[in-house]
Amino acid sequence: MYTLGIETSCDETACAVLKNGNRILSNVISSSLDRHRVFGGVVPEIAARHCLEAIDVVYQEALKKARVKPCDLDLISVTQGPGLIGSIFVGVSFAKALAFALDCPLIAVHHLEAHLEANFIGRLKPSSFIGLIVSGGHTTLVRYQKWRYQVLGETVDDAIGEAYDKVARLLDLGYPGGPVIDRFARRGNPKAFEFTKPKQEGRFDFSFSGIKTAVFHLQQRGAVSLRERRTLENFCASFQETVMRWIVDKTLLACREEGIQCIVVGGGVSANSRLRALLSEEAGVRGIKVFLPPLELTTDNAVMVARLGYSLFRKGMRSDFQVAADPSLKIGGNGHGTS
Ligand code: KG4
Ligand code: ZN
């Protein structure tokens, strides 16, 4: 069975072909990242225009690489949301038109569920787990059981990736900030700077705006400067250790309180070296199993979308032509037009 995945929720335009839900035949991604760099963050209008320009080329390339013809496709899976309305609209419209023209089943999926599903290509999906979604737009803890997702907590302000990007911008380290800070952090002393732990209402909620403000004040006082490489490395290591400890502690707490011995991680920030090491280490001593996505599937891609569509389709779910792009799609519910 051949599944075409289409992902256009933000600045990437991606198409992938998956065979029987487990074999990646192609994984094509066109990013508009370079066009956003000068602005220090994603500009929605530029992202949507890029999706519109790239979608057909990326689709053709994905089929060519997979050596599959349009008439061979058995299922089209597309990201319905959440994300940027203009970008998602391009993917959903393209998917609907293609499904209609090819008379092929269509399924619209949730972007964050797809990030978690990236872990299950060639691996058995556990029947229950705590999902940790860490990306540029989200920091969310969910509980998965019997095919249903329930949100346990999320960020009350900035997402973790957003915090990395904003801190990197304050320090003039470029965009996106996550990979740069991660690189500097590997050589620094994580105890050099201390940050105050945030207090939020919900036990499983996160907050990163306080640490961002603390960095702003440090930078204003000249305590962190690009010119002093050692200080910068120490700062990055301290920042990274602090935020990753908060995230890992909450995730382990969720496991304990929910009585679940399995963690599944997804999203762009799941590429972070310290998060991967710390979570594996801390979960390991508690006998908790951790799923971390392969590095090439951490950032936005269409393989994860194809995989989730395939899983849901096999469970009997379908979308009709009423399905619409939904920038605020909630995790856990079926998208409008999907049953
Ligand atoms: O999931 P993603 O590709 O896009 C969204 O759906 O948001 O995540 C992008 C985010 C960016 O904020 C980027 O800075 C962050 O992931 N990121 C990282 C690392 N690699 C990417 N953050 C921390 N450490 C990394 N190694
Ligand atoms: Zn994403």
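Packing, as the average of other Cβ atoms within 10 Å across residues, places the peptides 242-249, 67-74 in the order 242-249, 67-74, highest first.
The H on the amide N of residue 262, modeled in the peptide plane, is under 5 Å from the matching H of 130, 289, each at least 5 residues off or on a different chain. Sites listed here are GluC sites (Glu not before Pro) in segment 187-287 whose DSSP assignment is loop and whose Cβ has at most 11 other Cβ atoms within 10 Å: 194, 201.
The HN-Hα couplings worked out from phi for segment 151-163 by the Karplus form 6.51 cos²θ - 1.76 cosθ + 1.60 (θ = phi - 60°) are 6, 9, x, 7, 6, 8, 9, 7, 7, 4, x, 4, 4 Hz, whole numbers, x standing for Gly and Pro. The residues packed around residue 209, meaning those with a beta-carbon under 11 Å from its beta-carbon, carry a net charge of -1 if Lys and Arg are +1 and Asp and Glu are -1.
Give me the accessible area per residue for segment 127-295, probe 1.4 Å, as a whole number in Å².
Working: 7800 Å² over 169 residues.
Counting only protein heavy atoms, the per-residue value for segment 127-295 is 46 Å².
3J(HN,Hα) along segment 82-87, derived from phi through the Karplus expression 6.51 cos²θ - 1.76 cosθ + 1.60 where θ = phi - 60°, amounts to x, x, 8, 3, x, 5 Hz, with x in place of Gly and Pro. Helix 303-314 axis versus longest C-alpha principal axis of the chain: approximately 50°, rounded to the nearest ten.
Would you please put 139-152, 211-224, 3-16 in order of how densely packed they are, using the mean number of other Cβ atoms within 10 angstrom per residue and starting with the highest?
The peptides rank, most packed first, as 3-16, 139-152, 211-224.
Once C-alpha pairs closer than 8 Å and six or more residues apart are averaged by separation and normalised to the residue number of segment 127-295, the relative contact order reads 27 percent.
Of the solvent-accessible surface of the chain, computed with a 1.4 Å probe over protein heavy atoms with every protein chain present, carbon and sulfur atoms account for 51 percent. The order of 110, 138 by accessible area, most exposed first and with a 1.4 Å probe, is 138, 110.
Using C-alpha pairs below 8 Å separated by at least 6 residues, the relative contact order for the chain is 25 percent.
Normalising the average separation of contacting C-alpha pairs (under 8 angstrom, six or more residues apart) by the number of residues puts the relative contact order of segment 98-164 at 23 percent. Evaluated at q = 0.17, 0.20 Å⁻¹, the base-10 log of the normalised Debye intensity for segment 127-295, with identical point scatterers placed on the Cα atoms, takes the values -0.99, -1.31.
The values are calculated or read from the model by the stated rules, or taken from the named source; none is laboratory data. Please read all numbers here as calculations on a predicted model, not as lab measurements. Neighbour counts are summed over all protein chains in view; Cβ atoms, including those assigned to glycine, are modelled from backbone coordinates with ideal geometry. Accessible surface areas use protein heavy atoms only, side chains included; no ligands, DNA or RNA. Shrake-Rupley method; radii C 1.70, N 1.55, O 1.52, S 1.80 Å.
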